[in-house]
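To start, the structure itself, in structure tokens.
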């Protein structure tokens, strides 16, 4: 049976690899046995350096289970408690009542740092964790809700967890992770790595690539206006910047089935859903997304996404099955989900389809003078402000607190975004836009012009 699964996984990924429709490493395992482990495509596109199974990938938010585990280890040693107020570790912290548990569960309501940094940061400097702390301490930014009154995924919270790890352990986040998790588990290649802040020459490093609609080529995110925040946000740790090879993630997966890394009680806490003050629950634990399936049992997973990287680790803990997916070339999100679904079906002896990769997006050539019709302020249905601007014959959409994104024409009134399955259609009245409609995941939202 395991041989059959390995053969089907080989069929799936070789079909994608031969057509250059998958660029990354995949590992699938069952009962501690590796069924399939292979790499396809390139670690570096210019030199055509091939990916190897020991290629090192930026995990992005798949770093969060490691940050949470660092806190769990410190709690087991009695150095901190989940119910400690953040203010205990960061004196003067202005968001009252936020605890370590709230940070791990994404129930803190803390403001998102990315929106502030995109607008206010000096982009000639690389930000580090202390800069996030300074923002929270000094800028008076409102929280989204009171602690444990809601659930909202928070990168800010996991940066603070890394800061607390440093204060509680007396070590740097990178050194603590290595000494307390990576080395004990045998994750020989895994490390915290900020490659722009402290660049090193690494022959097995997998560089992440994004699609440039203008040149119709794949480029480093550093070289694309829309994604060059990877440079000035490179020094931030805790919510990302753990770098790993697939086999190390498999060792981590296996270690979590034993009791010598963390206790059974800690694992139970880590895999328990959030309960809000009103009794509502959310399927997120301590750095893990939780799922219960009648067919597949308990599933704990986490994904990661950062310009050029897409990562996923899925642990089917009742069936001792594991799926690890590391990609370093930007792909359509629905297409990646279809790849993972096919691999999952193989693991559970179900029929699968080899997905077809959508074509790279191409823009239509139109007269950029048309863009002046669309420039102005707009209000979304929830009251959020948006602004359309035109610069250097290019059109942009900025929504308050979010990245400014370039709009690419598919017609004179319809536009698409580079990396998201979103379309924008402008509605004209007497030659000027009176509104635009956002089409996303089968939904429509109208934004009315305000100036």
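The values are calculated or read from the model by the stated rules, or taken from the named source; none is laboratory data. From a predicted model like this one, the values you see are computed outputs, not experimental measurements. When we count neighbours, we look across all protein chains shown, and the Cβ atoms used for this are built from the backbone with ideal geometry, even at glycine.
Quick look at the numbers
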{"read-out": "Verdict on residue 47 being more than 25 Å from the chain's Cα centre (by Cα), at pLDDT below 95, assigned by TED's automatic domain parsing to the domain that holds residue 170 and not in a strand (DSSP E or B)", "value": "yes"}
{"read-out": "Near pairs, Cβ below 6 angstrom, 6+ apart or cross-chain, from the range 414-438 (in the same structural domain as residue 402 (by TED's automatic domain parsing) and in contact (Cβ under 8 Å) with a residue 24 or more places away in the chain) to any residue that is buried (at least 19 other Cβ atoms within 10 Å of the Cβ) and not in a strand (DSSP E or B)", "value": "426/374; 433/374"}
{"read-out": "Selected residue [surrounded by fewer than 17 Cβ atoms within 10 Å (Cβ to Cβ) and part of a strand (DSSP E or B)] from 423, 406", "value": "423"}
{"read-out": "Residues located in the range 222-237, provided they are over 21 Å from residue 66 (Cα atoms) and assigned to a loop (DSSP other than H, G, I, E, B)", "value": "224, 225, 226, 227, 228"}
{"read-out": "Residue check for residue 336: part of a helix (DSSP H, G or I) and buried (at least 17 other Cβ atoms within 10 Å of the Cβ)", "value": "yes"}
{"read-out": "Qualifying residue in the range 133-152 (condition: closer than 22 Å to residue 242 by Cβ, at pLDDT 95 or above, touching a strand residue (DSSP E or B) at 6+ places or on another chain (Cβ under 9 Å) and in the same structural domain as residue 274 (by TED's automatic domain parsing))", "value": "no"}
{"read-out": "Identity of the residue in the range 1-29, surrounded by fewer than 18 Cβ atoms within 10 Å (Cβ to Cβ) and not in a helix (DSSP H, G or I), that ends up nearest to the chain's Cα centre (by Cα)", "value": "20"}
{"read-out": "Residue tally, condition within 17 Å of residue 35 (Cβ to Cβ) and more than 21 Å from the chain's Cα centre (by Cα), over the range 318-355", "value": "11"}
{"read-out": "Count of residues meeting criterion [at pLDDT 95 or above and touching a strand residue (DSSP E or B) at 6+ places or on another chain (Cβ under 6 Å)] in the range 214-236", "value": "4"}
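Here is a yes/no grid of residues against (1) in contact with a helix residue (DSSP H, G or I) (Cβ under 9 Å, 6 or more places away or on another chain); (2) surrounded by fewer than 21 Cβ atoms within 10 Å (Cβ to Cβ):
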position: 109; (1), (2): yes, no
position: 114; (1), (2): yes, yes
position: 140; (1), (2): no, yes
position: 147; (1), (2): yes, no
position: 150; (1), (2): no, yes
position: 153; (1), (2): yes, yes
position: 157; (1), (2): yes, no
position: 161; (1), (2): yes, no
position: 167; (1), (2): yes, yes
